[in-house]
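What follows is one structure encoded as structure tokens, with my remarks underneath.
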Amino acid sequence: MGASKKLMSVSRDWRERDVRVVLVALIIAVATVATIALFASQLQRTLVSSASSFLAADRQLEAENGRPIPLEWLEDAQSRGLETGRMVEFSTMVFGESGFQLVSVKAVSDEYPLRGEIEIQPGAEEPRQIVSQGPGPGQVWVNPRLLRLLELDIGDTLEVGNLKLEITRLLIREPDGGFRLSSLAPRVMMHVDDVAATGVVQEGSRVEYVYLFAGDEGVLDDYYQWLEPQLEPSHEWEGVRDGETFSRSLERAERFLLLGGSLAVLLAAVAVAVASRQYALSQRDTVALLKTLGLSSRGIGELYLRRLSLWGIVGVLGGLAVALPLFWLLVRLLSDVLERPVDFYLDPAALTPALLTALVSLFAFAYPPIRRLRNVPAMRVLRSQPGETGREAIPDILLAVVAVFGLVWMYAGELMLVAALLGGLVLLLGVLGLLGWGMVALLRRVKGGGNSWRLALVGLYRHRRASMAQMAVFAMTLMLAATLVLVRSSLLDDWQAQLPDDAPNHFLINIAPDAVDDVEEFWATRGAPLETLYPMVRGRLTELNGEPVKEAVSKDERVGALNRELNLTWMAELPEDNRIVDGQWFGPGETEGVSVEAELAEKLGLQLGDRLTFTIGSSKVTEPVTSIRTVQWDSMKPNFYMAFPPDGGLTDMPATWITAFYLNTDNKLALNDFSRQFPTVSVLEIDHIIDRIQQIVQQVTQAIEAILALILAAALVVMAAVVSATLRDRQREGALLRTLGGQQSLLARSTMLEFALLGFFAGTLGVIAAEGAVYALQAGMFEGTFRWHWQVMLPVPLIAAVLLALFGRWQLRPVLSVSPMLLLRRLE
Amino acid sequence: MNQMTDLTKTDSSPMLRVSDLTHRVSLETDTLTILQGVSLEINRGESVAIVGRSGSGKTTLLGLLAGLDTPTEGTVELDGSVISKLSEDERAKLRARRVGFVFQSFQLLPALTALENVMLPLELAGMEAPEQRARELLERVGLGERLNHTPRQLSGGEQQRVAIARAFASDPAILFADEPTGNLDNRTGQAVSDLLMDLNREQGTTLVMVTHDEHLAERCGRQLHIEAGMLTEPDLAGGPAH
């Protein structure tokens, strides 16, 4: 191999410490970004598909106006290659031999469900089965409770309107079992083609037509673009992300992944920038020599550009070589968590951010200092020239900031996130500059202490520029890592708090006022006490300040709550998890007013004092808005948009009572006794929904932890890069100190102390900054409430101090283990 | 090697012609004059030592003569080219073809072997069969057995011998040496200077050397004394080495 070729070979480069750091940083950057992007894309797909099963499709279109949608809407969807299905839902009386019962009918087409599965039982004693298609024509599947209520059995006939259907299966669980209070009556599932023959559904009947769509996300989005202008207010397009219960968890998880990804990009950028600047500084002598030997500045430029490109290739290939097995492991982990195999989904588009990260890292962070090598004077071979002052790096820093901004924006796609992060970092750097300088200056005055202590302080002061840079980078790295840890734990805490192990998993609905005491007693004696009981009155919001509400509210706002009956209640105490955001909760004895849920109030543009008119049966009630409150929809407890005071507007209205309670699986049989004793009370079993939510939370938690580990690894590399940057100086000094008679132990102690101090300061600053960032993120993105995290604030600076001390000791080991003579020669 | 005879035959102009050379550097508060009105001529094949105290300006002069830097005032004509008029890249090209260097601190690339270090200028100048020429030279300096050792595996004297081999590798017309024995002990320094002078004679190269070493300076055909940036031409006029 020729010498000049060898000058550019990566294997030769690898022998140089700074290049190793650049390459490792680059590999980690590409690996982290690629893994996160691949896994986020996989997770997205897996989560959407497991969440999609809650809709039995990827999207649902509901027509609540009692009319089917135009046929061409479905045809258009099919022509785009989307799968479609239909359902008709309505309530009706059904008849068995011994009586009748109000049921909620779901009539489904052959395609149902497009996503998810139906759980059935061929007979009361037989094992449950999972099927992927509903009942055929002439058949009906029913909720086991209905059989008990009507004293029917499998094989018997059930009359739905004019049609007699054979009961062939017990319906245990439907994928879109949902959680709607309008479907309280026992469920009956039949084929959609039988609906006409029942004669139950007439023009104007209360019936809901639901259409299912599944297919590629992009096609679905295109289809919705086409469909949206044609939709009427009574049409509701629902996707997984629009739903209430799961979307929040999903959104938060997704944001967390994006945040993690962005932080990875930032860390990688810092590592590459630091290491390549260091590399460029170390190359100045070589460049001066090459120039002296006759290489032109252009030749120098080309030499390093070619070298940089080689690094890029190594970084990308190396990064992918790390990312793919890691991704494979993560997907395996995901399969374990889900207890089902997960198909690999190697999204080629997910590799683009990794490639771009490599490119941008190289050309925006690594190239500028290396480019300036062309300007190194040849005269440097004879006499060392003034080095870089740092001022010429200002354009580099500007370029880097723009590049980071672009990179994170591309990666996270959220301007807000990017602005918060960069704003936080810029602020941090400013504050750090001041604080760090002050601390170093203070240190200089510190007197006393042992030799090693004094040596450590002198060390910090002597390397103050490097110390400042290191402190800034450490603090930044710790801030990013701590932010992530804090956001993660507050996310998980929120989830845990929402769904404790004994979260209510059954609802009792339709309790007659005179049965309330008996129902309470029934469950109290069985060790399953009820949560608060709420009265429930069904009514529609019809007027706003005397104007019909549909006119008063802008047409663009499709407000679901206006299209259906609302559950109204009265209560004296504000539920624990509700928060008043405006106005005042009802005082004792107060009977006027209504409290409105905050999101609905915002959609309707309600202000305190607006007069709302509700139509309840044939009567009308008008009350002013006296407070606006937030509600935890995912608390699995009864929640209400509208709450009145006791003896207020709802007095004398026909009310039934509702409550929730926790029943463990062993006690499930008590439900049969309960149904017999209180046949009119509806029981809504949501334990399987809660199981699913907990599963998703677990899944997301695992993913978050895996990615957190990756990012912390990246943070460590950054630290290594920065410490390595001053390594040569430190080694030289160490060797000199030893030559002059310094003992190994003194040297070791002072170095460890120096790094420990650095780590402690950086940790303190980083954690304070992290609290600030978390505050901003919580307020802006995660909708959480802010609190100080003492449990993180105290240990992080200490851990950083210990880690850095050990790291410094480790880096100095050649100085301590080799004879000073040999070392000085090596360092020449 | 009869290149020297070719050159001297075809061109009798001086190898180096310096007129009224002045060099100043700006400091934060004022300007420092390092060289003041230096004029000299060095003929082809001549060997010249520049001697003077530390800080007298001799290294700066060497850098200007070799075209590593450009003077504030005055001209340097190297092998017929006025180097102060050349661009940096043109000067680099000139160096690649006509100039060799030996430094006090050897300046070998640590990641390259001895052989590769010697090959480097040959490749940069686009010469043919660089490896063969590099081997020959390393054998000539007595390091035929150590071709594949990296600088770190060589002693200081050996490193300087590699540097000398590198300096002569591209058949330079002129060789600049900056304190070539400055980092070596007496005995090793003696051996290295023997080698340098021998090779210089063999190749007929013009030699310009900055040194503190009086013995070494005396071995050069002419000595230029420099003091506070001014040339104090000694009483002995130039002549061939004795």
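The values are calculated or read from the model by the stated rules, or taken from the named source; none is laboratory data. Because the structure is predicted, anything quoted here is derived from the model rather than measured. Note that each Cβ is placed from the backbone with ideal geometry, even for glycine, and that neighbours are counted across all protein chains shown. We work out accessible area using only protein heavy atoms, side chains counted, and drop any ligands, DNA or RNA first. Shrake-Rupley method; radii C 1.70, N 1.55, O 1.52, S 1.80 Å.
Please give the length that would be gained between residue A:375 and residue A:611 if that part of the chain were fully extended, namely 0.36 nm times their separation in residues minus their C-alpha to C-alpha distance (nm, one decimal).
Full extension of this stretch gives 77.4 nm more.
Across the residues of B:93-100, average count of Cβ atoms on other protein chains within 10 Å?
Going residue by residue through B:93-100 and averaging, the value is 3.
Tell me, what is the FRET efficiency for residue A:736 and residue A:602 to the nearest 0.05, using R0 = 60 angstrom and their Cβ-Cβ distance as r?
Given R0 = 60 Å and the Cβ-Cβ separation, E is 0.30.
Between Rg and the Kirkwood Rh of region B:3-102, both from Cα atoms, what is the Rg to Rh ratio?
Value, to two decimals: 0.99.
Quick check on region A:506-685: what does the Kirkwood estimate of hydrodynamic radius come out to from the alpha carbon pairs, in Å?
Result for region A:506-685, one decimal place: 17.4 Å.
For residue A:712 and residue A:775, FRET efficiency with R0 = 35 Å and r from the beta-carbon atoms, rounded to 0.05?
The formula returns an efficiency of 0.95 here.
Residues with beta-carbon under 14 Å from that of residue A:190, excluding residue A:190: net charge, scoring Lys, Arg +1 and Asp, Glu -1?
For residues surrounding residue A:190, the net value is -2.
I need the calculated FRET efficiency for the pair residue A:573 and residue A:148, taking r as the beta carbon distance and R₀ as 51 Å, to the nearest 0.05.
In this case the efficiency is close to 0.90.
Starting from the 7 Å offset along Cα-to-Cβ, what nm value, one decimal, do you get for the label separation of residue A:669 and residue A:129?
According to this spin-label approximation, the distance is 2.6 nm.
Quantify, in whole percent, the carbon and sulfur part of the accessible surface of region B:14-130 (1.4 Å probe; protein heavy atoms only).
Ligands and nucleic acids excluded, carbon and sulfur reach 44 percent.
Take chain B, connect every pair of alpha-carbon atoms lying under 10 Å apart with a spring to form a Gaussian network, then pick out the residue of B:80, B:204, B:100 with the largest mean-square fluctuation.
Looking only at B:80, B:204, B:100, the largest GNM fluctuation is found for B:80.
Taking every DSSP beta bridge that has both residues in region A:55-239, what percent is antiparallel when rounded to the nearest 5?
Bridges in region A:55-239 that DSSP calls antiparallel: roughly 85 percent.
Return the average number of partner chain Cβ atoms within 10 angstrom of each residue Cβ along peptide A:286-292.
Partner-chain Cβ atoms within 10 Å, mean over residues of A:286-292: 6.
Hey, which aspartates and glutamates would be in cross-link range of residue B:85, C-alpha to C-alpha under 20 Å, not counting anything within fewer than 8 residues on its own chain?
B:20, B:41, B:69, B:73, B:77
Could you sort the residues of region B:107-151 by number and keep only those whose accessible area is reduced by 40 Å² or more in the all-protein-chain setting relative to the chain alone, 1.4 Å probe?
Buried on complex formation: B:107, B:109, B:111, B:112, B:116, B:120, B:123, B:124.
Exactly which GluC sites (Glu not before Pro) in region A:91-142 are in a DSSP loop and have at most 15 other Cβ atoms within 10 Å?
Counting only loop positions with at most 15 other Cβ atoms within 10 Å, the GluC sites (Glu not before Pro) in region A:91-142 are A:97, A:125.
I'd like to compare B:22-33, A:570-581: which one has the highest average count of other Cβ atoms within 10 Å, and what's the full order after that?
With the highest mean Cβ count within 10 Å placed first, the list reads A:570-581, B:22-33.
Label residue A:521 and residue A:405 with points 7 Å out from Cα along Cα→Cβ: what is the distance between them in nm?
In this crude label model, residue A:521 to residue A:405 measures out at 7.2 nm.
Per the 1.4 Å probe, what fraction of the accessible area of region A:506-685, in percent, lies on carbon and sulfur atoms?
Whole-percent figure for carbon plus sulfur exposure: 45.
Could you work out how much longer the chain between residue A:72 and residue A:651 gets when fully extended? Use 0.36 nm per residue separation minus the Cα distance between them, nm to one decimal.
Length difference between fully extended and current span is 203.6 nm.
What does the net charge come to around residue A:649 if you take all other residues with beta carbon closer than 9 Å to its beta carbon, with K and R at +1 and D and E at -1?
-2
Which residue fluctuates most in the GNM of chain B (Cα springs below 10 Å): B:66, B:129, B:49?
Looking only at B:66, B:129, B:49, the biggest GNM fluctuation is shown by B:129.
Percent antiparallel among DSSP beta bridges with both residues in region B:3-232, to the nearest 5?
Percent antiparallel among DSSP bridges in region B:3-232 is about 50.
Could you work out how far apart the two model spin labels at residue B:53 and residue B:30 are, taking each label as a point 7 Å from the Cα in the direction of the beta carbon, and quote it in nm?
1.8 nm
Please work out the Cα convex hull volume for region A:55-239 and give it in Å³ per residue.
Per-residue hull volume (Cα only) is 109 Å³.
Do any chymotrypsin sites (Phe, Trp or Tyr not before Pro) in region B:32-134 lie in a loop, going by DSSP, with at most 16 other beta-carbon atoms within 10 Å of their beta carbon, and if so which?
Counting only loop positions with at most 16 other Cβ atoms within 10 Å, none of the chymotrypsin sites (Phe, Trp or Tyr not before Pro) in region B:32-134 qualifies.
Multiply the residue separation of residue A:383 and residue A:580 by 0.36 nm, subtract the distance between their alpha-carbon atoms, and state the gained length in nm to one decimal.
Once the chain is fully extended between residue A:383 and residue A:580, it gains 63.5 nm.
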